[in-house]
Amino acid sequence: MATLCLTTTAKDARTLIVQSGNLMHTNVTGLLNSALKRSQEEVLNAVSDTFAAATASSASAETVVLDDQTGTLTIRHPGGVEAAASHAKADDLDDLEVTAKLFLWPLPDGADVTTVATQQVDEALRQLRERVGPARIDNFTVAFAGFKLDDDEQDDDDDDVDSVLQPEQSTAATKAWPDMEYLVAVWRVLEQRHAAGELQSLGVCEFTKERLATFLTQIKVAPATNQVNLADCCIMPRTLIDYCRKNDIKLVTHSDACQPLAPEPLTQLWRGQTTKDGNAAARWVVKFSVMLESRGILHDKGYILRADVDAGCA
Amino acid sequence: MGLLSLGTPLHWKDAKGYADHVRRNGIEQFLNIYRHVKDRQRDRLRWGDEIEYMVISYDHENRNARLSLRVFEILEVLQREENEAQGDPEKMAKLKTAWRPEYGRFMIEGTPGVPYDGDLSSLLKVESNMKLRRALVQAQLRPNEAIVCITSFPRLGTLGVFLDPHHEPNGDACRSLFTPDEIINPHARFPTLTANIRRRRGAKVAINMPVFHDVNTPRPFHDPTIPVHRGLFPEDEEAAAGAALPDHIYMDAMVFGMGCACLQITFQACNINEARRLYDQMAPIGPIMLALTAAAPIFRGYLADVDCRWNVIAQSVDDRPREERGLEPLKDSRFVINKSRYDSIDCYISTDSQLRPEYNDLDLVYDKDICQRLMDNGVDELLARHVAHLFIRDPLVIFRELVDQDNTVSSDHFENLQSTNWQTMRFKPPPPNSDIGWRVEFRSMEIQMTDFENAAFAIFVVLLTRAMLSFGLNFYIPVSKMDENMRRAHRRDAARTEKFYFRKQVMTTPGDKLGPVEDEYELMTIDEIFNGKADGSFPGLIPIVNSYLNSINMDVETGCHLSRYLGLVRARANGSLITTASWIRQFVQKHPAYKHDSVVSQEINYDLVRAMDEIGRGERAVPELLGNFA
């Protein structure tokens with residue numbers, strides 16, 4: 001397999017964008033079990049599969065593109081390019097419904113929160129649009145990578161939280177995580193996009209009642225949904241259920257790993273494409289799915305990754 | 001409905017002269033529909049379940065549970081709302097339930113009033129609608145009556161009293177040694193269907209299910225309760241002349257089969273090709289679901305060595321004369337036919353590239369002229385052969401007044417044959433001049449005692465179709481292997497002890513290199529099929545469904561309910577919960593009055609039916625059957 005270094009395109013890359021194929025067709029989703037631990041592998045497999053397909057000799061020129069100006073290396077799965085083309089000219093556009101989830105990683109030290117938040121959301125939505133076409137984005141959820149409900153120390157002690165919601169080893173090392181200032185900044189950008197009609201509803205993920213209550217005082221457009229992980233049990237903190245009902249926030253399920261993409265495997269994957277000195281750190285990941293609403297059929301599903309990279313092959 | 005007069009049904013000797021007429025016009029009707037709607041696109045998913053109930057009448061004094069023949073009185077009330085809504089689309093759209101009579105005069109078929117749609121949250125309506133149906137019937141019952149979901153009524157056709165009111169078995173339509181004609185739906189169509197099957201066959205139907213040999217069961221077992229020397233009808237001699245096999249439970253009437261209850265699901269596809277794909281892909285699931293929903297271990301008062309109803313129904317409507325069954329050289333018949341009208345499907349029909357010609361490995365019996373005519377009119381060969389295969393049969397019931405029809409507005413002749421081919425799957429063209437799309441019916445499942453279980457299996461099947469279409473799953477195995485799976489599904493406790501042919505790679509990518517078909521499938525346990533193989537080589541149907549659900553924004557309430565339903569299916573499949581058939585069998589074997597001689601007495605039946613009744617109403621805990629899901 002041709003690595004990116006051999007094609008020299010990766011040498012000057014500072015930013016990596018990866019658009020996966022349609023996981024419904026490349027079978028990545030289906031082959032995996034539904035178990036929570038596996039959803040990490042899903043993102044990783046999607047990225048790895050995209051590297052392989054995009055650098056295969058049969059791939060077209062648009063699958064690996066380096067923007068010399070910005071140092072952005074974009075890698076598109078040929079299947080994703082195909083899916084995007086078909087979405088763009090779909091004759092049943094009103095039947096397509098997109099849901100997306102943006103995972104955020106801690107900001108680099110010293111970054112200006114407002115500026116970076118705007119850049120990240122703009123970039124993520126631009127990439128999402130490129131991949132899913134003009135279909136209606138029904139729900140757009142924001143999540144902190146590596147954060148889950150019970151990591152939240154403000155949670156009520158007397159809530160009957162079931163064992164599956166007990167803390168696991170948190171991989172988010174940064175002390176100021178979840179960074180609510182960052183989220184609020186991101187949310188403001190999303191509110192504008194919502195007002196412009198681009199995003200039908202907004203959502204948060206793994207928020208306790210207390211976090212929601214604080215969040216609601218800081219923002220204008222309240223989240224329509226709060227994602228919680230149910231695994232195979234249905235016991236939820238009562239206070240959260242009541243609070244969400246009162247505030248018209250729908251509790252919805254998800255089964256994403258709280259850390260969708262661990263740093264080491266991503267770096268390893270990148271090094272496999274470049275050199276042993278390469279480095280890659282995720283900035284955000286968008287998980288998306290496209291439903292054919294009237295038939296209950298998942299038409300397309302995939303991931304978009306943005307990472308800061310260094311090929312180490314100069 | 002039961003009082004509706006359609007006219008004069010013809011005796012078989014008159015009806016058979018019209019067989020070619022009905023076939024010829026039936027094909028024209030099919031072609032008219034096909035031309036008109038073959039390009040119909042973008043229909044929504046709509047689906048519905050059908051549940052068949054039995055109405056029980058208790059005689060507490062004599063400790064007897066009988067089938068009630070009062071159903072038509074009850075139906076009249078149940079159907080009132082629908083009858084009044086006729087012609088008013090607004091009212092029709094608000095109907096909560098719909099009711100139909102069935103073959104047995106003790107049966108009621110209930111469906112949701114309007115189909116469910118593709119929205120996941122509509123799945124939550126399923127169980128509550130089933131509960132409503134139960135309550136609506138319940139409200140019409142007398143204190144000693146009950147509505148119970150029973151696949152096969154254990155004492156049907158036994159000596160003594162099993163009907164309320166009692167009738168002696170001396171009816172001319174079925175001429176059965178065991179069951180009276182009064183047990184049949186009184187609408188003219190049904191007694192005629194019964195009689196014409198017998199007349200066409202040249203004998204009564206002969207149903208033989210292996211008896212379960214318990215420690216005190218005589219071996220060989222010759223059923224002492226068969227009145228072999230009755231001498232009322234010429235057919236009475238058949239039992240002694242070999243129709244009743246030793247070591248078998250012998251039954252001689254259509255009601256033993258068509259009086260069984262089942263759980264069926266109908267889907268509307270977005271277009272004809274999706275319907276053909278659904279038909280094919282769900283077909284191999286049919287025998288698997290039959291094994292998992294097995295609920296019929298008792299026939300005519302004896303424990304059987306099978307757990308399912310299917311073969312009983314197949315034999316109960318087998319109208320093939322000896323020539324068609326291959327027992328005599330063809331003289332008057334046109335074909336030797338391998339199966340009953342009620343049986344597993346014989347051929348796949350999808351236009352999908354996943355369908356390899358090798359999968360259609362039965363030597364399909366079909367009418368070559370009809371096939372040619374269909375192809376001359378633009379129908380592709382696969383579909384033409386399917387229809388020409390259904391049309392090897394004769395129409396059994398013809399009404400004198402309905403012989404001549406306007407083929408542009410009627411599909412009666414087509415439906416005459418289509419709806420008397422009762423296969424594991426049914427491919428349903430839209431009715432003429434309707435807004436209904438192409439549909440597919442999934443027909444193998446047996447009825448469960450509780451609404452919760454019936455909802456769970458219905459919902460699992462619906463979700464599996466969505467996952468199948470979303471992932472482009474491939475369940476194909478050769479038709480002959482599906483047939484073998486049907487045989488295995490009947491065996492005692494098949495869900496826990498049998499292995500079934502299943503496809504190894506259900507995720508195939510177009511362009512994959514094709515190996516020999518024999519390498520594509522292997523024998524798997526039900527647990528492996530549903531929950532996956534331990535070595536990870538097969539993902540399992542439930543993880544696949546979960547994988548589909550995980551990609552959808554689903555509210556917590558829906559998620560919790562669905563996890564209960566899928567939990568039940570998972571537990572039945574891994575054997576931690578037993579099937580309905582096993583539960584019934586164990587109940588009999590543990591009953592103090594059971595003499596370990598395979599006999600399910602009136603007293604045992606009374607206690608059994610009452611227990612099933614209580615379970616259905618949620619008044620009796622059965623953790624071995626429902627775990628803590630219900």
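The values are calculated or read from the model by the stated rules, or taken from the named source; none is laboratory data. Owing to the predicted nature of the structure, the values given are computational and were not obtained by experimental measurement. No Cβ is skipped: glycine too gets one built from the backbone with ideal geometry, and neighbour counts run over all protein chains shown. Side chains are part of the model used for accessible areas, which takes the heavy atoms of the whole protein and leaves out ligands, DNA and RNA. Shrake-Rupley method; radii C 1.70, N 1.55, O 1.52, S 1.80 Å.
Does the stretch B:292-315 contain any residue that is more than 16 Å from B:A581 (Cβ to Cβ), over 12 Å from the mean Cα position of the chain (by Cα) and surrounded by fewer than 24 Cβ atoms within 10 Å (Cβ to Cβ)?
Within the stretch B:292-315, one or more residues are more than 16 Å from B:A581 (Cβ to Cβ), over 12 Å from the mean Cα position of the chain (by Cα) and surrounded by fewer than 24 Cβ atoms within 10 Å (Cβ to Cβ).
Return the total of residues in the stretch B:90-126 being more than 20 Å from the chain's Cα centre (by Cα) and either under 29 Å from B:F190 (Cα atoms) or not hydrophobic (A, V, I, L, M, F, W, C) (or both). Before you say what the answer is, go through the steps one by one.
Restricting attention to the stretch B:90-126, the residues satisfying the condition of being more than 20 Å from the chain's Cα centre (by Cα) are B:90-97, B:113-114, B:116-125.
Within this subset, residues satisfying the condition of being either under 29 Å from B:F190 (Cα atoms) or not hydrophobic (A, V, I, L, M, F, W, C) (or both) are B:90-92, B:94-97, B:113-114, B:116-119, B:121-122, B:125.
Total satisfying the criteria: 16.
Residues B:A495, B:A489: which one is open to solvent by less than 10 Å² (accessible area, probe 1.4 Å), more than 20 Å from B:L278 (Cβ to Cβ), in contact with a strand residue (DSSP E or B) (Cβ under 8 Å, 6 or more places away or on another chain) and in contact (Cβ under 8 Å) with a residue 24 or more places away in the chain?
On the way: B:A495 fails: in contact with a strand residue (DSSP E or B) (Cβ under 8 Å, 6 or more places away or on another chain).
Criteria check complete, one pass: B:A489.
Just the residues that are in a helix (DSSP H, G or I), at the interface with chain A (Cβ under 9 Å from one of its Cβ atoms) and open to solvent by 20 Å² or more (accessible area, probe 1.4 Å), please, taken from the stretch B:516-555.
Step one: list which residues in the stretch B:516-555 are in a helix (DSSP H, G or I), which gives B:517-519, B:526-531, B:541-550.
From what is left, the residues that are at the interface with chain A (Cβ under 9 Å from one of its Cβ atoms) are B:542-550.
B:N546, B:N550 - these are the residues of the stretch B:516-555 that are in a helix (DSSP H, G or I), at the interface with chain A (Cβ under 9 Å from one of its Cβ atoms) and open to solvent by 20 Å² or more (accessible area, probe 1.4 Å).
Tell me which residues, restricted to the stretch B:160-211, are at pLDDT below 95 and over 25 Å from B:T8 (Cα atoms).
Within the stretch B:160-211, B:G160 is the sole residue that qualifies.
Return the pairs, sorted by first residue and then second, in which the second residue is modelled with pLDDT of 90 or more and in a helix (DSSP H, G or I), the first residue lies in the stretch A:63-81 and is of a type in the set (S, T, N, Q), the beta carbons are less than 7 Å apart, and the residues are 6+ apart or on different chains.
Matching pairs, first to second residue: A:T63/A:P78; A:T63/A:V81.
Within the stretch B:565-583, is there a residue that is free of Cβ contacts under 8 Å to residues at least 24 places away in the same chain and within 14 Å of another protein chain (Cβ to nearest Cβ)? Don't jump to the end; show me each part of the working.
Applying the first criterion (free of Cβ contacts under 8 Å to residues at least 24 places away in the same chain) to the stretch B:565-583 yields none.
No, the stretch B:565-583 has no match at all.
Would you mind stating whether B:A455 is within 20 Å of the chain's Cα centre (by Cα) and either closer than 30 Å to B:A630 by Cβ or within 14 Å of chain A (Cβ to nearest Cβ) (or both)? Give the steps one after another, and end with the answer.
Working: within 20 Å of the chain's Cα centre (by Cα): yes; either closer than 30 Å to B:A630 by Cβ or within 14 Å of chain A (Cβ to nearest Cβ) (or both): yes.
Here the answer is yes, as B:A455 does meet what is asked.
Which one of the conditions (1) open to solvent by less than 20 Å² (accessible area, probe 1.4 Å); (2) within 23 Å of the chain's Cα centre (by Cα) does B:Q29 fail to meet, given that it meets all the rest?
(2)
Tell me which residues, restricted to the stretch A:298-314, are open to solvent by less than 10 Å² (accessible area, probe 1.4 Å) and within 9 Å of chain B (Cβ to nearest Cβ).
A:L298, A:K301 - these are the residues of the stretch A:298-314 that are open to solvent by less than 10 Å² (accessible area, probe 1.4 Å) and within 9 Å of chain B (Cβ to nearest Cβ).
With respect to the numbered conditions (1) in a loop (DSSP other than H, G, I, E, B); (2) at pLDDT 95 or above; (3) more than 14 Å from chain A (Cβ to nearest Cβ), which one is the sole condition not fulfilled by B:A495?
Answer for B:A495: the failing condition is (1).
Can you pull out the residues in the stretch A:59-98 that are under 30 Å from A:P178 (Cβ atoms), open to solvent by 20 Å² or more (accessible area, probe 1.4 Å) and within 14 Å of chain B (Cβ to nearest Cβ)?
A:E97
For (1) of a type in the set (G, A, S); (2) closer than 30 Å to B:Q586 by Cα, each residue gets a yes or a no:
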site	(1), (2)
B:A495	yes, yes
B:E498	no, yes
B:V506	no, no
B:K513	no, no
B:F530	no, yes
B:I542	no, yes
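Going through A:L240, A:L216 one at a time, which residue ends up being in contact (Cβ under 8 Å) with a residue 40 or more places away in the chain and of a type in the set (A, V, I, L, M)? Step through it out loud before you land on a result.
Details: A:L216 fails: in contact (Cβ under 8 Å) with a residue 40 or more places away in the chain.
Exactly one residue qualifies, and that residue is A:L240.
B:M258 - would you say it is open to solvent by 10 Å² or more (accessible area, probe 1.4 Å) and of a type outside the set (V, I, T)? Quick ask: steps written out before the conclusion?
Details: open to solvent by 10 Å² or more (accessible area, probe 1.4 Å): yes; of a type outside the set (V, I, T): yes.
Yes.
Examine the stretch A:262-285 for a residue that is at the interface with chain B (Cβ under 10 Å from one of its Cβ atoms), aromatic (F, W, Y) and either crowded, with 20+ Cβ neighbours inside 10 Å or part of a helix (DSSP H, G or I) (or both), and state whether such a residue exists. Outline the logic, then answer.
Let us first name the residues in the stretch A:262-285 that are at the interface with chain B (Cβ under 10 Å from one of its Cβ atoms), namely none.
Within the stretch A:262-285, none of the residues are at the interface with chain B (Cβ under 10 Å from one of its Cβ atoms), aromatic (F, W, Y) and either crowded, with 20+ Cβ neighbours inside 10 Å or part of a helix (DSSP H, G or I) (or both).
Collect the residues in the stretch B:165-192 that are polar (S, T, N, Q) and surrounded by fewer than 20 Cβ atoms within 10 Å (Cβ to Cβ), keeping them in residue-number order. If you could, list the steps in order and put the result at the bottom.
Looking only at the stretch B:165-192, we keep the residues that are polar (S, T, N, Q), and these are B:170, B:176, B:179, B:185, B:192.
Of everything in the stretch B:165-192, just one residue is polar (S, T, N, Q) and surrounded by fewer than 20 Cβ atoms within 10 Å (Cβ to Cβ), namely B:N170.
State which residue is least open to solvent (accessible area, probe 1.4 Å) when the search covers only the stretch A:215-242 and only residues that are modelled with pLDDT under 95 and more than 12 Å from every other protein chain (Cβ to nearest Cβ).
A:T239
Confirm whether B:F391 is modelled with pLDDT of 95 or more, closer than 30 Å to B:T8 by Cα, surrounded by fewer than 21 Cβ atoms within 10 Å (Cβ to Cβ) and of a type outside the set (D, E).
Working: modelled with pLDDT of 95 or more: yes; closer than 30 Å to B:T8 by Cα: yes; surrounded by fewer than 21 Cβ atoms within 10 Å (Cβ to Cβ): no; of a type outside the set (D, E): yes.
Against the criterion (modelled with pLDDT of 95 or more, closer than 30 Å to B:T8 by Cα, surrounded by fewer than 21 Cβ atoms within 10 Å (Cβ to Cβ) and of a type outside the set (D, E)), B:F391 does not qualify.
Out of B:R373, B:R322, report the one residue that is buried (at least 16 other Cβ atoms within 10 Å of the Cβ) and farther than 30 Å from B:V506 by Cβ. Don't jump to the end; show me each part of the working.
Working: B:R322 fails: buried (at least 16 other Cβ atoms within 10 Å of the Cβ).
Being buried (at least 16 other Cβ atoms within 10 Å of the Cβ) and farther than 30 Å from B:V506 by Cβ holds for just one of B:R373, B:R322, which is B:R373.
Which number in (1) facing another protein chain (nearest Cβ under 10 Å); (2) touching a Pro at 6+ places or on another chain (Cβ under 7 Å); (3) of a type in the set (F, W, Y) marks the one condition that B:F475 misses?
Result: B:F475 fails condition (1) only.
Name the single residue, out of those in the stretch A:187-214 being open to solvent by less than 30 Å² (accessible area, probe 1.4 Å) and touching a strand residue (DSSP E or B) at 6+ places or on another chain (Cβ under 6 Å), that is farthest from the other protein chains (Cβ to nearest Cβ).
Taking the stretch A:187-214 and keeping what is open to solvent by less than 30 Å² (accessible area, probe 1.4 Å), we get A:187, A:189-191, A:199, A:201-208, A:211-212.
Subset that is touching a strand residue (DSSP E or B) at 6+ places or on another chain (Cβ under 6 Å): A:190, A:199, A:201-205, A:207.
Working: A:L190: 16, A:L199: 14, A:S201: 10, A:L202: 12, A:G203: 8, A:V204: 13, A:C205: 11, A:F207: 13 Å.
For the stretch A:187-214, the residue satisfying everything is A:L190.
Evaluate the stretch B:437-445: report whether one residue or more is free of Cβ contacts under 8 Å to residues at least 60 places away in the same chain, among the basic types (K, R) and either out of contact with any Asp or Glu (no Cβ under 7 Å at 6 or more places or on another chain) or in a helix (DSSP H, G or I) (or both). Show your work before the answer.
Restricting attention to the stretch B:437-445, the residues satisfying the condition of being free of Cβ contacts under 8 Å to residues at least 60 places away in the same chain are none.
Scanning the stretch B:437-445 turns up no residue that is free of Cβ contacts under 8 Å to residues at least 60 places away in the same chain, among the basic types (K, R) and either out of contact with any Asp or Glu (no Cβ under 7 Å at 6 or more places or on another chain) or in a helix (DSSP H, G or I) (or both).
When you look at B:P115, is it within 14 Å of another protein chain (Cβ to nearest Cβ) and not aromatic (F, W, Y), yes or no?
Details: within 14 Å of another protein chain (Cβ to nearest Cβ): yes; not aromatic (F, W, Y): yes.
Yes, satisfied.
Go through (1) assigned to a strand (DSSP E or B); (2) open to solvent by 60 Å² or more (accessible area, probe 1.4 Å) one by one and return the number of the condition B:T111 breaks.
In the conditions (1) assigned to a strand (DSSP E or B); (2) open to solvent by 60 Å² or more (accessible area, probe 1.4 Å), B:T111 misses (2) alone.
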